[in-house]
């Protein structure tokens, strides 16, 4: 079984990731190149993520709808930058019902075009605005180098598409949804993301402005975890999305789109996981607490199971996602490893002595070994576990924030920058010139992840590459 | 605007349906032939349907997962009947990333093949069984004649796929999920469906047994509203889904699949709708209660809105999906028609006199006019509205059941059968012979909708077509 063993992160981070995804039953490779199967454990995590995001979308006034997965090829040609960006990645349906199609259809890589077409039919007057629609689904991009969750041909996501009367409103929306993503990552996934704006060369095909949240993985590479785009009138002009304003004048809409995908499952794994396996953020964990009863004989079993069952129903009733592991064919030690691999935040051990003492043993997944273990009374256990889950969330977020901050550097020279981005991020002045950006990429493979919206110093500085005057500091880092 | 007017059901039922779907904002035609856009109002209905079904799936031990939308063409060829059934309807991806693919990929029309392939990798031992997985998503079948919700190239659905150690278990599962569908239709959608088994000629491509729930629309045509299939070892043999049993002997699994789609939105429309528009079943209605404030001047407005707002928050807090229609640019009369068109079960009117009296007017959507209107105290309104929603559900179910029962006939002769199926269903003895079944279809376009599981008389009878001895009575009817 040696080849099946999980390497440590230090030994081989990439292999640790790949094996962990498979061994923890999150996903599997599909028989179609570049595609994945999201297994029930992984999909339940995604369902919890969807619920957290969907609630926030609805609180900010959005509604869901569904647009077709097939889009006429000609739609892509209406927005020049958009087609240039996506043409190399398209999967094309040429035959349907046994016949060659007159016009080939594209399996959607993203839906701005077809949504834009429908909006042009639906939007007539300022009274119809804003249109705030989101869609949950999957999209297909023909990727050559794939990695489960991080980069697959088909992936699952949501894409919001909104239309507004003015540039200001559309830009507000763009930032509002970026805030929603950041709020979700920080408060539900315990991932401390940095909000920022993409440079010209890194922005979405067809956008006037792309914003992003960027997270640092434990190998210090960046993972773009959600993007929100402002299109100005680009798509409105390409698809003729016009409205009559209050003065009865025909105007183009200003549109946005924003997307968040299953690749954030990869971010969760690589932000929190350890050498024993996954460490699930409590708010999203498919199983928040697992009960492992411990006994040696039938007499002990009947006593222990009575308490275990009671605890199980109490926790369930309190809304804690609880699993009873009453398998007979494996040992408690096997179960401990199994649930550690799957990252369950809290393990509850109940043995004969716990029954006598009216206590249980709680083990925190985020703090391995004795240090993370405590013995607590059975009375009030639901509230104890709830409290512990909150504490675990805060502790995970704190640890990830400290790790990130410790690995963001402020190099003084370009040579220093080249050094630090080999194993961390640089937060450095940049003149805004694409040549400097390209030079860093060529020299180090690091890109500008974003121009952070927060934490910018007052005043101006000197570009870390060319020394020219610079308005903003940016984050340079190697990315997934 | 005459061409935009909704015809009555009696004038033109098909046109009433088509226009109603568009006018009530449930869905729109997509720019891809045969595809639809499900608009926010329609999608919210589907989300409520999904929630009702998903809860039942989880209560019966199922978990969700996601399998790829693209399937290698060769997979379809592994099960002979399956490929024969689906080949004419496939959409084929021949190019990806600018290159011609070595093997064409099919956009899934249903996922038995790819799920079967994965199950053969995952299932090793009897300990791995049963596997009880469901998937929410969309599928694509190249339909020539399409109709919004009822028959579209792409449609939204769930497909459950399960694998079991024995035939008995798999058959139990098949009927369990049929029961789940029937329970949902009756108790959530207020559609009185009939559970039954499909004949050989009507069963799913590759199934040993197909079961169905059948509903009667107001034009007396049948709508198949959900199906649950038992495959025996067919797919297990085609995809090599085997397990070691307790005696260490290699056995084939017995598999099932079951699906329920957005076409049931069509069933909701055609079961309950009236000449004013939709009539939403209360448990699924996107909006369960709409508040229409009525006032003539600012002084009245401020009094009325104070009460309206209070009522709004009380109903929301009680979990009632409530909408406040405070539009200024349209009249209360316009609003009444608008929400009637959209089928909101309860309308709450609040005017100055209601404010004085401490009352509100409630109007039931299912009982138009004065008869459905009542004046109730503002105190305890949330519980009054909750009670009314329950009553509306029961009343809609009763009306639909009575309509259906009044249109199921028991013809004495074959000539009578031909007459009744032109405008209703026949519940008649059938000898089991496919020739008799085909003859009815040719003579009347009516098919055997199902062999009902309940309501079969004791003993035997004579086939309504040929007069031979018959074991079972079946339902003949024309179908969507």
I'm told residue A:54 meets every condition in (1) under 23 Å from the mean Cα position of the chain (by Cα); (2) in a helix (DSSP H, G or I); (3) within 26 Å of residue A:180 (Cβ to Cβ); (4) more than 11 Å from chain B (Cβ to nearest Cβ) except one. Can you identify the failing condition by its number?
(4)
If you go through segment B:13-30 one residue at a time, do you hit one that is within 10 Å of chain A (Cβ to nearest Cβ) and more than 19 Å from the chain's Cα centre (by Cα)?
yes
Give A:158, A:171 a once-over and let me know the one that is under 30 Å from residue A:22 (Cα atoms) and either away from every other protein chain (no Cβ under 12 Å) or in a helix (DSSP H, G or I) (or both).
A:158
Just to be sure before I move on: is residue A:29 farther than 21 Å from residue B:116 by Cα and surrounded by 17 or more Cβ atoms within 10 Å (Cβ to Cβ) in the structure I sent?
no
Subset of segment A:272-320 (residues that are under 31 Å from the mean Cα position of the chain (by Cα), surrounded by fewer than 19 Cβ atoms within 10 Å (Cβ to Cβ) and assigned to a helix (DSSP H, G or I))
A:316, A:317
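The rows are residues; the columns are (1) in the same structural domain as residue B:66 (by TED's automatic domain parsing); (2) crowded, with 21+ Cβ neighbours inside 10 Å; (3) over 30 Å from residue A:101 (Cβ atoms).
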position: B:119; (1), (2), (3): yes, yes, yes
position: B:126; (1), (2), (3): yes, no, yes
position: B:146; (1), (2), (3): yes, no, no
position: B:149; (1), (2), (3): yes, yes, no
position: B:160; (1), (2), (3): yes, yes, yes
position: B:164; (1), (2), (3): yes, yes, yes
position: B:170; (1), (2), (3): yes, yes, yes
Of (1) surrounded by fewer than 16 Cβ atoms within 10 Å (Cβ to Cβ); (2) in contact with a strand residue (DSSP E or B) (Cβ under 7 Å, 6 or more places away or on another chain); (3) farther than 24 Å from residue A:174 by Cα, residue A:457 fails just (3)
Which of the residues spanning segment A:105-130 are in a strand (DSSP E or B) and out of contact with any helix residue (DSSP H, G or I) (no Cβ under 6 Å at 6 or more places or on another chain)?
A:105, A:107, A:125
Would you tally the residues in segment B:72-89 being facing another protein chain (nearest Cβ under 7 Å) and either more than 22 Å from the chain's Cα centre (by Cα) or assigned to a loop (DSSP other than H, G, I, E, B) (or both)?
2
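Residues of segment B:90-104 being at the interface with another protein chain (Cβ under 7 Å from one of its Cβ atoms) and part of a strand (DSSP E or B), which ones?
B:91, B:92, B:93, B:94, B:95, B:96
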Tell me, yes or no, whether segment A:172-181 has at least one residue that is within 21 Å of the chain's Cα centre (by Cα), surrounded by fewer than 23 Cβ atoms within 10 Å (Cβ to Cβ) and free of Cβ contacts under 8 Å to residues at least 24 places away in the same chain.
yes
Check A:186, A:191 and return the single one that is assigned to a loop (DSSP other than H, G, I, E, B) and more than 14 Å from every other protein chain (Cβ to nearest Cβ).
A:191
Count - residues of segment B:328-348 that are touching a helix residue (DSSP H, G or I) at 6+ places or on another chain (Cβ under 7 Å) and either part of a helix (DSSP H, G or I) or at pLDDT below 95 (or both):
1
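Scan segment B:211-225 and give yes if some residue there is closer than 14 Å to residue B:116 by Cβ, surrounded by 24 or more Cβ atoms within 10 Å (Cβ to Cβ) and touching a helix residue (DSSP H, G or I) at 6+ places or on another chain (Cβ under 8 Å), otherwise no.
Looking for residues that are closer than 14 Å to residue B:116 by Cβ, surrounded by 24 or more Cβ atoms within 10 Å (Cβ to Cβ) and touching a helix residue (DSSP H, G or I) at 6+ places or on another chain (Cβ under 8 Å), one finds none in segment B:211-225, hence no.
The values are calculated or read from the model by the stated rules, or taken from the named source; none is laboratory data. Just so it is clear, the model here is predicted, and its values are computed rather than measured. Positions of Cβ are backbone-derived with ideal geometry, glycine not excepted, and every protein chain shown enters the neighbour counts.
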